[in-house]
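Where a number appears in this text, it was derived from the coordinates with a stated rule and is not lab data. These figures come from a predicted structure and were not determined experimentally. Using ideal geometry, Cβ is built from the backbone for each residue, glycine included, and neighbour counts are taken over all protein chains shown.
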Amino acid sequence: MALILGVKIGDVVDVAEHWIKVLSVDGRYSATLVRDDGREIAISARRLTRMMPDVWVGMGPEPARSRFRLMFEAPRHVSITRRLG
């Protein structure tokens, strides 16, 4: 089962020992994230992208221009949390 989080530009999500930040929404069905190591990750609503071993990320259903949903596929033992604030 996938985990879906609502996010906007600038939001940070912790994934295991790493984090990702939403850099931009590039269109209705694509966005760019940046990892804690500086690597940019292009994501899409059409397919999931490998973020790290056993963790896949993409855009969830009903994308919008400024706010959208991140969809994660990962084993249950991988902690995925949105930072508040």
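Summing charges over all other residues whose Cβ lies under 13 Å from the Cβ of F72, with Lys and Arg as +1 and Asp and Glu as -1, gives +1.
Annotation note: chymotrypsin sites (Phe, Trp or Tyr not before Pro) in the chain located in DSSP loop regions with a Cβ neighbour count of at most 14 within 10 Å are Y29.
Binning all Cα-Cα separations of the chain at 5 Å, short to long from zero, yields these whole-percent fractions: 3, 16, 31, 29, 16, 4, 0.
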